[in-house]
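Since the structure comes first, as structure tokens, the remarks are kept for the end.
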Ligand code: AVJ
């Protein structure tokens, strides 16, 4: 049973095709060739990501869930949040632990969920509506990275006493400069005293990190190649998807896992609606995602530069993932 009268859905008027075309024209004509990871998440890609979260090798999701289970009630008593705002909410599955704790504490009235995938967000909102008949729900389908994150975050409604959650380690998809813009835009969105909760992957054993992005069953490989299906379908491209090999490498200098698609033979690809003809040599690669892993101290330093101050943090026993709670400090004069 769904209660659609309480679910308010907002779809940002972004022209999906236009922004896909501009990302493709920019990313594929540059060296190294790259595509932004947000294009993974059509309906099929969002489902493949959910399948990744259940893989034995992919430890981030279950580690974060275990941490949330442990610390959710503490988060509730530290924040007294009335509104939970989540960026990149996906299935909102782990979020339910936070919602449960904030409802038990008696403060939560509203859940605002933002995601780039309309199908994932609709599914999540229906689940949440069924489970939590008293919550006000707002769903926002948008690209939070638009316009250096300023434009992207504008369509998010702001309510009093917000806790903004950015879970899963998705912050790792941003390069350092983007992270600085992201934190600054989030800080602008919050009032002094309001909280930000971030889930971050920590630097772990290289073999564990690689396995998490190159699983034995090949689900991550399918997820990676799915971005080419998106280009084929939405831009009339003719990528021979099975002629690409999934590659995951640990870039130690940048402290990130890089996913790439490697052309196994030379090819010319037409991306019709981007008016792009692309020649790839045998072995040439397209970077499709970075997933940075952090040292907790330097991550906190980035947050402090942006106007946040540490409240507390939690780490799993293997030190592979952290949840960090910070609050917005008044802008200095
Ligand atoms: C959803 C961005 C957190 O970077 O770990 C999973 C996406 N990529 N396997 C991540 C992903 C390959 C995931 N995030």
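The values are calculated or read from the model by the stated rules, or taken from the named source; none is laboratory data. Note that the coordinates shown come from a computational prediction; the quantities given were computed from them, not determined experimentally. No Cβ is skipped: glycine too gets one built from the backbone with ideal geometry, and neighbour counts run over all protein chains shown.
Each row is one residue, and each column tells you yes or no for (1) under 19 Å from the mean Cα position of the chain (by Cα); (2) buried (at least 17 other Cβ atoms within 10 Å of the Cβ); (3) in contact (Cβ under 8 Å) with a residue 60 or more places away in the chain; (4) away from the ligand (no atom under 16 Å from the Cβ).
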site	(1), (2), (3), (4)
277	no, no, no, yes
281	no, no, no, yes
290	yes, yes, yes, no
297	no, no, no, yes
307	no, yes, yes, yes
310	no, no, no, yes
315	no, no, yes, yes
321	yes, yes, yes, no
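Those residues that are touching a helix residue (DSSP H, G or I) at 6+ places or on another chain (Cβ under 7 Å) and within 10 Å of the ligand (Cβ to nearest atom), I need them from the range 21-40; list them, please. Within the range 21-40, 37, 40 meet the criteria.
Quick one: residue 7 ticks every box in (1) loosely packed, with under 14 Cβ neighbours inside 10 Å; (2) more than 14 Å from the ligand (Cβ to nearest atom); (3) under 20 Å from residue 93 (Cβ atoms) bar one, so which box is it? Of (1) loosely packed, with under 14 Cβ neighbours inside 10 Å; (2) more than 14 Å from the ligand (Cβ to nearest atom); (3) under 20 Å from residue 93 (Cβ atoms), only one is false for residue 7: (1). Candidates 209, 259: the one that is within 30 Å of residue 318 (Cα to Cα), part of a helix (DSSP H, G or I) and within 13 Å of the ligand (Cβ to nearest atom) is 209.
Is one or more of the residues making up the range 240-247 away from the ligand (no atom under 16 Å from the Cβ), touching a residue at least 12 places away in the same chain (Cβ under 8 Å), over 30 Å from residue 331 (Cβ atoms) and touching a strand residue (DSSP E or B) at 6+ places or on another chain (Cβ under 7 Å)? Scanning the range 240-247 turns up at least one residue that is away from the ligand (no atom under 16 Å from the Cβ), touching a residue at least 12 places away in the same chain (Cβ under 8 Å), over 30 Å from residue 331 (Cβ atoms) and touching a strand residue (DSSP E or B) at 6+ places or on another chain (Cβ under 7 Å). Among residues of the range 16-33 that are within 15 Å of residue 261 (Cα to Cα), those with a Cβ under 6 angstrom from a residue that is modelled with pLDDT of 95 or more and part of a helix (DSSP H, G or I), sequence gap 6+ or separate chain, pair up as 24/274.
Residues are listed down the side, and each one gets a yes or a no for (1) farther than 29 Å from residue 317 by Cβ; (2) modelled with pLDDT of 95 or more; (3) in contact with a strand residue (DSSP E or B) (Cβ under 8 Å, 6 or more places away or on another chain); (4) assigned to a loop (DSSP other than H, G, I, E, B):
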residue: 19; (1), (2), (3), (4): yes, no, no, no
residue: 39; (1), (2), (3), (4): yes, yes, no, no
residue: 63; (1), (2), (3), (4): no, yes, yes, no
residue: 70; (1), (2), (3), (4): no, yes, yes, no
residue: 73; (1), (2), (3), (4): no, yes, no, no
residue: 90; (1), (2), (3), (4): no, no, yes, yes
residue: 107; (1), (2), (3), (4): yes, yes, no, yes
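Every listed requirement among (1) within 14 Å of the ligand (Cβ to nearest atom); (2) closer than 30 Å to residue 85 by Cβ is met by residue 215 save one, (2). Of everything in the range 148-204 that is buried (at least 23 other Cβ atoms within 10 Å of the Cβ), part of a strand (DSSP E or B) and away from the ligand (no atom under 16 Å from the Cβ), the residue that is farthest from the chain's Cα centre (by Cα) is 162.
The set of residues from the range 41-61 being within 21 Å of residue 116 (Cα to Cα), near the ligand (Cβ under 10 Å from one of its atoms) and not in a helix (DSSP H, G or I) comprises just one member, 41.
As a summary of the residue check, residue 116 satisfies the conditions (1) crowded, with 24+ Cβ neighbours inside 10 Å; (2) in contact (Cβ under 8 Å) with a residue 60 or more places away in the chain; (3) under 29 Å from residue 331 (Cβ atoms) except for the one numbered (3).
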